[in-house]
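These notes are about the structure you will find just below.
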Amino acid sequence: MPLSASEAQESAAPCISVDRVSRSFGKRTVLDQVSLEVGKGEIFGLLGPSGSGKTTLVRLITGLDVPDGGTVKLLGEPMPRLNLLARIGYMAQSDALYGELTAQENLSFFASLYGMKGTRLTKRIQETAELVKLSGDLGKQVALFSGGMKRRLSLAVALMHEPEVLVLDEPTVGIDPVLRKSIWQELDGLRKNGVTIIVTTHVMDEADKCDRLAMIRDGRVIAAGSPDELKSASGSATMEDAFVAYGGGVQ
Amino acid sequence: MRIHALAIRIVRQIVKDKRTLALMLIAPLFVLTLMKFVLDGQSVNPRVGTVGLPQQFVAALASDEVDITAYEDEASGRLALEQADIDALVSLRDGQPQVLLEGSSPTKNRSVMSALQGALEPFIPAELKPSVEFLHGSGELNIFDYYGSVLVGFFSFFFVFLIAGVSFLRERTTGTLARLLATPLQRWEIVVGYLLGFGLFTLLQATLIAWYATGVLGIALEGTLYMVLVMNLLLAIAALTLGTLLSAYAQNEFQIFQFIPLIIIPQIFFAGLIELDTMPEWLQALGHILPLYYGSDALRDIMLRGAGWSEVWPDALALVCFSLVFAALNIFALRKHRRI
């Protein structure tokens with residue numbers, strides 16, 4: 001039996017710790033004193049409407065951006081640090097693929113940036129393609145892919161180098177319900193292998209699938225905890241009601 | 001290793017994008033060919049009207065590829081000139097030859113005058129005749145040779161600038177740049193990878209243009225083809241680094257094209273198509289901060305004057321410096337997307 005989320009959390013120092021992080025662009029404050037901790041082997045959700053600062057937070061965690069105040073630590077080391085980037089898999093909101101190339105060429109290009117080559121590379125391409133159900137389409141040009149296929153390939157790119165931490169920005173946007181379910185099953189499987197996963201979403205029912213989550217609104221964490229904790233503490237039956245109860249709804 | 005992967009990816013992308021490949025390789029040849037026909041077509045025989053000229057002079061003029069029409073009197077000749085049937089009217093007044101030019105086209109003015117000079121030559125006493133020799137080109141260099149030597153460099157510069165700029169911009173707008181920066185790839189590795197990947201095609205392009213211009217179109221080549229190739233390549237690399245640098249300041253493809261009137265067109269003025277010596281000094285100084293100025297200066301020296309390394313090394317050095325500065329600035333500009 002794999003460790004449950006809470007046990008895993010106790011067994012190690014936090015995998016990701018965000019401490020009083022602020023970030024503003026010009027006069028607009030996008031993140032305001034955000035703190036959160038993600039344990040190893042957890043699926044951690046960042047829930048909030050678009051424009052709430054999720055993507056900015058994710059960019060700080062992956063080292064693409066630097067906070068104005070506060071610190072971000074990943075696997076015990078302060079970010080941004082180049083050698084840590086090899087241990088993160090990042091899937092951005094946009095698909096970020098090369099349309100002229102085939103799926104296989106995209107996978108092998110990104111993987112080689114992590115130093116993968118030879119048989120390990122070929123083997124991983126088969127494995128990840130299998131995982132996202134694209135095995136039959138590896139030779140196809142990505143420009144001919146449907147939106148859902150691109151999303152899956154984008155996920156596969158993030159998984160190629162077997163990262164310890166997976167940062168997924170809205171991974172299931174534009175994906176049909178059946179596939180969405182299978183992606184969540186995959187995430188669950190990765191978690192069981194000890195991968196820590198951060199997922200941003202604005203879909204409330206997806207939040208239920210996370211071990212723990214933080215509700216974000218206007219650059220602030222308005223609540224954090226497991227889905228059940230959040231629901232019972234706010235006396236709500238659904239995630240949506242809980243979000244509104246914590247002040248996340250339209251005022 | 002990582003740079004290698006990046007370069008290979010760029011090569012693959014360009015090879016699959018046939019139109020871009022064609023723009024880079026075929027378009028310069030097409031425009032050069034067109035240019036040759038346009039410029040060669042300019043040497044039309046001048047049309048000269050004559051009134052009461054001595055027979056031997058008319059004969060000398062006629063042999064010099066001039067279309068001659070004789071008029072009864074000056075008034076009918078003038079009328080023909082006003083209706084632009086002829087380009088000049090030559091008459092005698094008090095035994096002195098008199099030339100009336102139509103005057104609206106500088107090219108025609110010049111060809112009339114040079115024809116008249118040629119026709120007058122037999123009448124100059126032998127002891128007054130200057131002996132004319134050519135330091136370069138033995139007098140057969142025409143206008144296409146002169147412009148061609150500049151245009152060979154310009155087209156390399158222009159098309160590479162455009163394609164490299166748009167490619168790098170797309171990397172940003174499609175989000176693949178962010179993804180590249182989420183890997184342990186260093187910022188300088190991205191810039192060098194681009195240089196290598198595109199460098200291959202610029203080498204191909206430079207070779208093709210240099211061979212086509214001299215071998216097929218027959219632009220004068222006093223120096224070696226190898227020197228033309230080297231300078232063309234250096235110029236293309238300057239264009240490559242400048243294009244990728246400037247793409248950081250464009251939000252979309254349309255804004256890349258807005259750089260053409262700002263960055264490309266002014267460089268043409270300083271590339272030697274227009275005599276620089278007539279410009280005010282501060283304007284001449286401006287030319288010295290533009291890569292194309294050095295590139296075309298060197299190409300002209302090589303192609304028209306047969307210059308080698310010993311003459312053009314300062315130009316080559318300038319181009320290398322431009323490329324290094326542009327690349328360094330680009331590495332710095334990428335800080336906007338990732339601090340480390």
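Condition check ((1) assigned to a loop (DSSP other than H, G, I, E, B); (2) at pLDDT 90 or above; (3) crowded, with 16+ Cβ neighbours inside 10 Å) across all residues:
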| residue | (1), (2), (3) |
| --- | --- |
| B:A178 | no, no, yes |
| B:E189 | no, yes, yes |
| B:V192 | no, yes, yes |
| B:F201 | no, no, yes |
| B:Y212 | no, yes, yes |
| B:G218 | yes, no, no |
| B:L221 | yes, no, yes |
| B:V230 | no, yes, yes |
| B:L234 | no, yes, yes |
Margin query: Taking the conditions exactly as written (at pLDDT 90 or above and either closer than 29 Å to B:T224 by Cα or polar (S, T, N, Q) (or both)), does B:A327 satisfy them or not?
Written below: no
Within segment A:108-124, residues closer than 25 Å to A:Q185 by Cα, among the aliphatic types (A, V, I, L, M) and surrounded by fewer than 21 Cβ atoms within 10 Å (Cβ to Cβ) come out as A:L121
Going through segment A:117-144 in order, the residues found to be within 10 Å of chain B (Cβ to nearest Cβ) and either touching a residue at least 12 places away in the same chain (Cβ under 8 Å) or within 26 Å of A:R180 (Cα to Cα) (or both) are A:Q141, A:A143
| said: Please verify whether A:S50 is within 7 Å of chain B (Cβ to nearest Cβ) and either surrounded by fewer than 23 Cβ atoms within 10 Å (Cβ to Cβ) or on the phi > 0 side of the Ramachandran plot (or both), treating the condition exactly as stated. | reply: no
- Query: Residues in segment B:253-274: is at least one outside any helix (DSSP H, G or I), over 30 Å from B:K16 (Cβ atoms), in the same structural domain as B:A327 (by TED's automatic domain parsing) and touching a Gly at 6+ places or on another chain (Cβ under 7 Å)?
  - Reply: no
>> Condition check: in contact with a helix residue (DSSP H, G or I) (Cβ under 7 Å, 6 or more places away or on another chain) and within 14 Å of chain A (Cβ to nearest Cβ). Does B:R187 satisfy that?
In response: yes
When (1) without any contact (Cβ under 8 Å) to a residue 60 or more places away in the chain; (2) more than 36 Å from the chain's Cα centre (by Cα); (3) away from every other protein chain (no Cβ under 14 Å) are applied to B:M1, the one that fails is (3)
In the set A:L84, A:L60, the lone residue that is within 12 Å of chain B (Cβ to nearest Cβ), assigned to a helix (DSSP H, G or I) and in contact with an Asp or Glu (Cβ under 9 Å, 6 or more places away or on another chain) is A:L84
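Residues are listed down the side, and each one gets a yes or a no for (1) more than 21 Å from B:A178 (Cβ to Cβ); (2) among the β-branched types (V, I, T); (3) over 13 Å from the mean Cα position of the chain (by Cα):
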{"position": "A:V173", "(1), (2), (3)": "no, yes, no"}
{"position": "A:P177", "(1), (2), (3)": "yes, no, yes"}
{"position": "A:S182", "(1), (2), (3)": "yes, no, yes"}
{"position": "A:D188", "(1), (2), (3)": "yes, no, no"}
{"position": "A:K192", "(1), (2), (3)": "yes, no, yes"}
{"position": "A:I197", "(1), (2), (3)": "no, yes, no"}
{"position": "A:D205", "(1), (2), (3)": "yes, no, yes"}
{"position": "A:C210", "(1), (2), (3)": "yes, no, no"}
Looking across segment B:13-34 at residues that are more than 21 Å from A:L101 (Cα to Cα) and free of Cβ contacts under 8 Å to residues at least 24 places away in the same chain, the single one that is nearest to the other protein chains (Cβ to nearest Cβ) is B:I26
Residue hits (segment A:90-110; part of a helix (DSSP H, G or I) and either facing chain B (nearest Cβ under 8 Å) or without any contact (Cβ under 8 Å) to a residue 40 or more places away in the chain (or both)) are A:Q104, A:E105, A:S108, A:F109, A:F110
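The values are calculated or read from the model by the stated rules, or taken from the named source; none is laboratory data. Because the structure is a prediction, the values reported are computed rather than measured. Neighbour counts are summed over all protein chains in view; Cβ atoms, including those assigned to glycine, are modelled from backbone coordinates with ideal geometry.
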